[in-house]
Amino acid sequence: MDYKNQNITPPPYYGQGAVVSQTNAVMKRVYVRMFVGLLISAFCALGVASSQGAMAFFFGNQLMFWGMFIAMIAMAWILPARMQKMSTATVLLLFCVFSALMGVWIAPIFIVYKLGTIVYTFFITAGTFGAMSVYGYFTKSDLSKMGTYLTMALFGLMIAIVVNLFLKSSAMDWIISIVGVLLFVGLTAWDTQNVKRMAAANLDPQLTDKLATMGAMNLYLDFINLFLFLLRIFGGGSRD
């Protein structure tokens, strides 16, 4: 179409450089928000674990205990589904609330495991997560098919965890921990690639900011779950 001879504004053109720049900007926000979420969780976990009253309030009250669990599950499903109908600030606020609830939920690890084991496991988790996230970002391979299998495996893992709550099998607990580590190692790479692709495909500033928060939440969950499964493995002999 000849735009010079008609009073029509041509559509915007985004070159490869603009796409790369936009993608890198979104990914930086993803990692910064993920880090903030981890900090919120850490402070909440430490705060609750250091107070007997707080521990009794959150974990001695069945209504509060299951209320937190249901709230986190609901937020994990509702946020991605209704993201476009929420404001950017609301999406970010809910992610922070989710991080705080997760911090409270995992507070007992500071009572069950020694601090040295927790710190040691955290650094192993950070190194593993970082390596797989870098791989997911730079790999030329399409991880979509792997992501489908990993998602199905995740549901299977959840069922196995529930079943073992009744069986209380130490052997099955060990297997679940190993499978959980492998599963979230793979999910870290897949989620990173997925976030990168969405960032490259959406150049609307408002939408990309929401995508950054949701990407941070996905990678945050990968990190937390990887950390908890590794802690079950490395902390097996260090329970107080």
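The values are calculated or read from the model by the stated rules, or taken from the named source; none is laboratory data. It should be emphasised that the depicted structure is a prediction, and the values quoted were computed from it without experimental measurement. With ideal geometry, Cβ positions are generated from the backbone for all residues, glycine too; neighbour counts draw on all protein chains shown. Protein only, heavy atoms only, side chains kept; ligands, DNA and RNA dropped before computing areas. Shrake-Rupley method; radii C 1.70, N 1.55, O 1.52, S 1.80 Å.
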- [ ] Determine whether region 220-231 contains at least one residue that is more than 16 Å from the chain's Cα centre (by Cα), assigned to a helix (DSSP H, G or I) and exposed (fewer than 13 other Cβ atoms within 10 Å of the Cβ).
- [x] no
Open item on the list: If I ask for residues that are open to solvent by less than 50 Å² (accessible area, probe 1.4 Å) and either part of a helix (DSSP H, G or I) or under 16 Å from ARG232 (Cβ atoms) (or both), which ones from region 133-143 would you list?
Closed with: SER133, GLY136, TYR137
Open item on the list: So in region 80-89, with the set limited to residues that are surrounded by 12 or more Cβ atoms within 10 Å (Cβ to Cβ) and at pLDDT 90 or above, which one is nearest to VAL32 (Cα to Cα)?
Closed with: THR88
Open item on the list: Take ALA107 and tell me if it is part of a helix (DSSP H, G or I), of a type in the set (A, V, I, L, M, F, W, C) and open to solvent by less than 40 Å² (accessible area, probe 1.4 Å).
Closed with: no
Open item on the list: Of everything in region 152-173, what is among the β-branched types (Val, Ile, Thr) and free of Cβ contacts under 8 Å to residues at least 12 places away in the same chain? Give them in sequence order.
Closed with: ILE159, VAL162, VAL163
TODO: Run down LEU150, LEU92 and say which single residue is farther than 22 Å from PHE234 by Cα, touching a helix residue (DSSP H, G or I) at 6+ places or on another chain (Cβ under 6 Å), open to solvent by 30 Å² or more (accessible area, probe 1.4 Å) and part of a helix (DSSP H, G or I).
DONE: LEU92
Open item on the list: Would you confirm, using the coordinates I've provided, whether VAL97 is open to solvent by 40 Å² or more (accessible area, probe 1.4 Å) and assigned to a helix (DSSP H, G or I)?
Closed with: yes
- [ ] Please work out which residue is nearest to MET214 (Cα to Cα), limiting yourself to region 55-74 and to residues that are surrounded by 13 or more Cβ atoms within 10 Å (Cβ to Cβ) and in contact (Cβ under 8 Å) with a residue 24 or more places away in the chain.
- [x] MET72
- [ ] Can you work out which of the residues in region 170-187 that are more than 15 Å from LEU231 (Cβ to Cβ) and either touching a strand residue (DSSP E or B) at 6+ places or on another chain (Cβ under 6 Å) or not hydrophobic (A, V, I, L, M, F, W, C) (or both) is least open to solvent (accessible area, probe 1.4 Å)?
- [x] GLY186
Open item on the list: Looking at GLY156, GLY236 in this structure, which one is exposed (fewer than 15 other Cβ atoms within 10 Å of the Cβ) and not in a helix (DSSP H, G or I)?
Closed with: GLY236
